[in-house]
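Below is one structure, written out as structure tokens; the observations come after it.
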Amino acid sequence: MSSALTEVRRSAAPAAAEPVAQGKQKPPSLRQARAFYLFVAPWIIGFVALTVFPLGYAFWLSLTDSDGLSPKTHFVGFANYVEIFQDPLTISSLAKTGVFTLITVPLSIFAGLLLAVMLNQRLMARGLFRALIYLPAVVPPVGAALTFRLIFDRDAGAANGILSTFGADPITWLVDPNARYVLYGLVMWGCGGAMIISLAGLQDIPRELVEAAQVDGASYWQSFTRITIPLLSPVILFQVITGVIASLQSFAPLLLSSGSLSGAGTVPQGNYMYMIHVFAQYFSASRFGYASAMLWLLFAVILVVTLIIIKVSAKTVFYTVEPEGKR
Amino acid sequence: MTRSYRYALYIVLLAVVLAMLSPIYWLVQTSLKSPAEMASFPPTWWPSAPRFANYSDAVSSVNFVGALQNSLTIAFITTTLTTLSSAWVGFGFARLTAPGKKQLFVILLSTMMLPGIVTLVPTYLIFAKLHMVNTYWPWVAWGLGGSAFLIFLFRQFFAGIPKEMEEAAIIDGCGYVGIFWRIFLPQSWPVIAASVILSFTGAWGDFVGPAMFLSQDSTTLAVAMATGYVNDKGLPLNNLVAAGAVMYVLPVLVLFMFMQKRFVSGFSTSGIK
């Protein structure tokens, strides 16, 4: 990680020094500027057409009572946004999403970190261990969700098979209130992804630092908490931010791991989270205006939460190199 | 490391590996069970008579070949266009300067944090208005726009290539497009490999995109696997679901086994920021 960061800096520095070094050539020549915009044009056009414009369109829709079909739509101002806060189903789905995020994100980062620390030691068959633990994270989401449905099937599933060998009664897993545990299991099955990221971070920590501390009499625990964790903190922060963003917009795993696959409305209450409700509002209830307002609220929530995480972490995250955006 | 610590570590790791692999075991053994064995409780731990016909049934009872073709087409469009476009844009950010470049780069990095699904639904509505739903055009458009993360990967790689090479090319009268195409792109195969793998697995695994943008009979394997195998009462035929899922998941796992390093490099460098 830090090597990647220094690389950013190394490469950015000559770029900044370029006009000086090339001396006689005027600062970024017109020819080069034109070439630059020719090269970045696909991304700029794509960003505007496929991100900025859809977001703007959703915002416009959110101010109307559009049902997606009838050409007559009325401007309703912020009525949809007001309704969000009076709709108990929306509020409860948002709360469930929050709880889900608060549980699964720290848990999978912690599990991934623990595994990474274990597999960062000199061990036999270390590479094989890493590969096999990482493997579930590359299984396509649909495959993973279907696999968990099979394991937790009431009759043919392994979970009830294990219970029955202990003489316990079979449990209907894929409905309330148990469906949420299946979902947690599904999320945790992919914690090898977090492990790989933490592992890459651990490998970037110079061994000498830890060894020097231990020569000075630091215990393993001390060097871990005082050296390893601070040096790893940017990687952990990165995982927290991307994890929270991904978790708040969870959709496919919820629909696929419970629900009858025929629509958002069939997802059990425990897994009926925000994006499920958004899809139900769009495509089952045809309330395009209201659903668009819900999308914008999620967008705002994600933005605010990300900013809060960055702000709160600013004092605790330790950068060996200034992050590029700040310079 | 003391000996007992070492043993404890191996036991823990073996238990984790077992826990990680057991779902795959269960998927495979379910895919070989007969309907009668599926109905018995408690479930058997290995099919008494493996029924390989489940696999041919799984292919024939849904439009498997058609869905496979759609999956491959979309994966091909996404992989080639995203990789080329991201390399192209990455070259611009790595080797050229212009006013506004710094700001654009910050925007590029922050788009990696944009919630994808929030833009997906309104994008669908727009494509529906343009009558481009149920065509491959949305994937062409997404591919041409490149991926912020892959642009970043290419930019990092191109920025490390010595300047002398392109100066020599400029003296020889080569334009920037030629420099990109003849000098930079051929050198960047490690990033191209990572990009191909990441965009292929992304497109292959995507469920929400094809579920929204394609109709049921022109959809991809991901959607067909999740919705296709039901009996006339609408209940899932779990042994066929399992057989279909094995065939759907297998290409990705094979790719992973042979290209593990690329998978990991692509995945772990995502921790850069």
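Just so you know, all these numbers are worked out from the coordinates, no wet-lab data involved. Keep in mind that this is a model prediction, so the values were computed, not measured. Virtual Cβ from ideal backbone geometry, glycine too; neighbours counted across all protein chains shown.
Could you tell me the relative contact order of chain A? Use alpha-carbon pairs under 8 Å, at least six residues apart, and round to a whole percent. Mind showing how you got there, number by number?
On the way: 335 pairs, mean separation 86.7, N = 327.
It comes to 27 percent, rounded to a whole number.
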Using amide H atoms built 1.01 Å from N in the peptide plane, name the residues 5+ places from A:THR64, or on other chains, whose amide H lies under 5 Å from its own. A:VAL76
Give the relative contact order (percent, whole number) for the range B:62-228; include only Cα pairs under 8 Å separated by 6+ residues. 46 percent
Is the shape of the protein assembly as shown best called rounded, prolate or oblate, per the rule: a/c under 1.5 gives rounded, else a/b larger than b/c gives prolate, else oblate, with a ≥ b ≥ c the square roots of the Cα gyration tensor eigenvalues? oblate
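Test of the criteria: in the range B:42-71, which chymotrypsin sites (Phe, Trp or Tyr not before Pro) are in a DSSP loop and have at most 14 other Cβ atoms within 10 angstrom of their Cβ?
B:TRP45, B:PHE52
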Using just the helices of the protein assembly as shown, give the 222 nm mean residue ellipticity in deg cm²/dmol: DSSP H runs with n ≥ 4 each add -39,500 (n - 2.57), and the total is spread over all residues, rounded to 500. -21500 deg cm²/dmol
Which residue, B:SER199, B:SER71, B:SER60, tops the fluctuation ranking in a GNM of chain B built on C-alpha contacts under 10 Å? B:SER60
For chain B, find the longest principal axis of its Cα atoms and tell me its angle to the long axis of helix B:3-30, 0 to 90°, nearest 10. 70 degrees
Averaged over A:226-235, number of beta-carbon atoms from partner chains that fall within 10 Å: 1
With respect to the cross-link table entries A:LYS96/A:LYS311; B:LYS33/B:LYS261; A:LYS311/B:LYS163; B:LYS102/B:LYS163, which display a Cα-Cα separation exceeding 31 Å? B:LYS33/B:LYS261; A:LYS311/B:LYS163
Where is the GNM fluctuation largest for chain A (alpha-carbon springs, 10 angstrom cutoff): A:GLN281, A:GLN214, A:GLN32? A:GLN32
Output the 0 to 90 degree angle, nearest 10, between the alpha-carbon long axis of helix B:148-159 and the longest principal axis computed from the alpha carbons of chain B. 50 degrees
For B:VAL230, the residues 5 or more places away or on another chain with a placed amide H closer than 5 Å to its own amide H are B:LEU237
Please build a GNM for chain A, connecting alpha carbons under 10 Å apart, and tell me which residue among A:GLY201, A:GLY270, A:GLY161 fluctuates the most. A:GLY161
If you fit an axis through the alpha-carbon atoms of helix B:101-111 and take the longest principal axis of the Cα set of chain B, what angle between them do you get, 0 to 90°, nearest 10? 10 degrees
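Within chain A, which whole H helices from DSSP have a Cα span along their axis of at least 30 Å and a mean Kyte-Doolittle hydropathy of 0.5 or more, if any?
Length and hydropathy pass: A:88-118, A:288-313.
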